[in-house]
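Novice: First, the structure itself, so that you have it in front of you.
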């Protein structure tokens with residue numbers, strides 16, 4: 001699947017920074033956000049994989065859903081893609097959200113999804129619920145609730161999380177707003193960032209020929225590094241403060 005996304009979106013898998021070398025890359029824990037919601041963004045084969053998985057999950061066929069994800073782990077946090085003519089926003093329901101809802105899922109299904117990289121802190125778009133919220137509302141068993149509890153590599157005050165989210169959205173839109181709108185792209189959430197080992201995330205942007213490397217720093221600020229790999233000198237570094245304000249700290253890079 002990665003080859004289809006990479007060739008179609010014209011993106012690289014790693015931030016294009018001058019201080020990243022092969023040795024560092026090998027040891028880096030890599031998490032990627034794929035936020036586009038439209039079928040037109042992707043190669044036909046990738047669309048088929050996304051929506052086949054969404055069908056299996058929606059219909060409670062979690063053994064089949066896991067087979068799809070085990071064959072292509074990049075699908076684990078994907079959701080159903082919509083055609084350009086469909087004006088509804090993406091639901092944002094991943095396989096883990098469906099497993100939290102449906103009684104055909106078992107604790108083994110859920111634990112396997114999490115082991116494959118399913119994000120417990122990711123909320124749905126249309127209902128703004130984590131998998132834990134969904135499971136609790138549907139009276140799932142205690143072992144399932146325990147497995148789905150949101151996970152944090154670092155605890156950050158809720159108000160700071162809201163500020164950082166606002167600032168991150170402003171930074172990304174300041175560079176690629178047209179592409180965000182064209183692809184109905186969901187901007188990464190700080191809640192997911194807090195769940196990830198390394199507290200960092202790579203966010204490729206369709207049509208940008210690049211993307212944003214997003215990192216939570218020790219002082220709870222967020223640093224983003226972004227560039228378009230076909231435009232020399234396009235690299236920028238932004239720092240978002242815990243109060244949500246942000247500034248460009250480096251420009252004209254790479």
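Novice: Could you tell me the distance between the Cα centroids of the range 128-177 and the range 49-120, to the nearest Å?
Specialist: 18 Å
Novice: Most exposed first by the Cβ proxy, i.e. fewest other Cβ within 10 Å, how do 226, 200 rank?
Specialist: Ordered by Cβ neighbours within 10 Å, fewest first: 200, 226.
Novice: Taking the number of other C-beta atoms within 10 Å as the exposure measure, put 58, 208 in order starting with the fewest.
Specialist: By the 10 Å Cβ count, ascending, the order reads 58, 208.
Novice: Would you list 160, 248 from fewest to most Cβ contacts within 10 Å?
Specialist: Listing 160, 248 from fewest to most nearby Cβ atoms yields 248, 160.
Novice: Further, regarding this structure: Can you order the peptides 91-99, 32-40 by their average number of other Cβ atoms within 10 Å per residue, highest first?
Specialist: Going from most to least packed, we get 91-99, 32-40.
Novice: Before rounding to the nearest 500, sum -39500 (n - 2.57) across all DSSP H runs of length at least 4 in the chain and divide by the residue total; then give [θ] at 222 nm in deg cm²/dmol.
Specialist: It lands at -11500 deg cm²/dmol.
Novice: Please give the FRET efficiency for residue 217 paired with residue 30, using the beta carbon to beta carbon distance and R0 = 25 Å, rounded to the nearest 0.05.
Specialist: 0.85
Novice: Expected output is a single nm value to one decimal: the length gained when fully extending between residue 108 and residue 136, i.e. 0.36 nm times separation in residues minus the C-alpha distance. What is it?
Specialist: My answer for the length gained is 8.3 nm.
Novice: Right, here's the next one. Hey, could you pull the Cα Rg and Dmax for the chain, both in Å?
Specialist: Answer for the chain, Rg first and Dmax second: 18.0, 54 Å.
Novice: May I ask what percent, to the nearest 5, of DSSP beta bridges between residues of the chain are antiparallel?
Specialist: 90 percent
Novice: Sticking with this one: Can you give the percent of C-alpha pairs in the range 39-151 whose distance is more than 22 Å?
Specialist: The share of Cα pairs beyond 22 Å in the range 39-151 comes to 27 percent.
Novice: Work out how much length residue 155 to residue 178 would gain on full extension: take 0.36 nm times their residue separation and subtract the Cα-Cα distance, in nm to one decimal.
Specialist: Extra length available between residue 155 and residue 178 comes to 5.0 nm.
Novice: Follow-up. Classify the range 69-113 as rounded, prolate or oblate from the Cα gyration tensor: take a ≥ b ≥ c as the square roots of its eigenvalues, call it rounded if a/c is under 1.5, otherwise prolate when a/b beats b/c and oblate if not.
Specialist: Oblate, because a/c is 1.5 or more while a/b does not exceed b/c.
Novice: Under 8 Å for C-alpha pairs, at least 6 residues apart: give me the relative contact order for the chain, rounded to a whole percent.
Specialist: Relative CO of the chain lands at 21 percent.
Novice: Specify whether the C-alpha gyration tensor of the range 94-202 places it in the rounded, prolate or oblate class, a ≥ b ≥ c being the square roots of the eigenvalues: rounded for a/c under 1.5, otherwise prolate if a/b is larger than b/c and oblate if not.
Specialist: Judged from the Cα gyration tensor, the range 94-202 comes out prolate (a/c at least 1.5, a/b above b/c).
Novice: Moving on. In a solvent-free Debye calculation with one equal scatterer on each Cα, what is log10 I(q)/I(0) for the range 97-155 at q = 0.13, 0.20, 0.22, 0.27 Å⁻¹, listed in the order of the q values?
Specialist: -0.28, -0.68, -0.82, -1.20
Bear in mind these aren't lab numbers, they're just calculated from the coordinates by the rules spelled out. Please read all numbers here as calculations on a predicted model, not as lab measurements. Please note: Cβ atoms are built from the backbone with ideal geometry, for glycine as well, and neighbour counts cover all protein chains shown.
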